[in-house]
């Protein structure tokens, strides 16, 4: 069990390092949206909790979107974009 946890932790570190080096190469749309939500949220100095309250979703849902563990509906993405004061298409832009 410890080995599995260690392997998962190392995989997550590796994935994040790859995003820093090659943020948009071969990235799935769900990952791109999650990364854009995180970057836009951070640039506006919002916590996940603040964004969740403004977008009327649960904080854990914001976390799952940012980590590409869950895909959001168009309605939720629109509320997130409104909370971030950006056009919804900004959530789909390639960065880098």
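Here are the numbers for the structure shown:
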read-out: For residue 56: the one exception among (1) closer than 21 Å to residue 12 by Cα; (2) at pLDDT 95 or above; (3) exposed (fewer than 14 other Cβ atoms within 10 Å of the Cβ); value: (1)
read-out: Residue that is modelled with the highest pLDDT, among those in the range 1-53 that are assigned to a loop (DSSP other than H, G, I, E, B) and surrounded by fewer than 10 Cβ atoms within 10 Å (Cβ to Cβ); value: 45
read-out: Lone qualifier among 37, 76 - being closer than 19 Å to residue 12 by Cβ and within 14 Å of the chain's Cα centre (by Cα); value: 37
read-out: Extreme residue, modelled with the highest pLDDT, among residues of the range 74-96 that are within 14 Å of residue 29 (Cβ to Cβ) and assigned to a loop (DSSP other than H, G, I, E, B); value: 93
read-out: Filter result for residue 57 (in contact (Cβ under 8 Å) with a residue 40 or more places away in the chain and in contact with a helix residue (DSSP H, G or I) (Cβ under 7 Å, 6 or more places away or on another chain)); value: no
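The values are calculated or read from the model by the stated rules, or taken from the named source; none is laboratory data. Remember, it's a predicted structure, so these values are computed and weren't measured experimentally. Please note: Cβ atoms are built from the backbone with ideal geometry, for glycine as well, and neighbour counts cover all protein chains shown.
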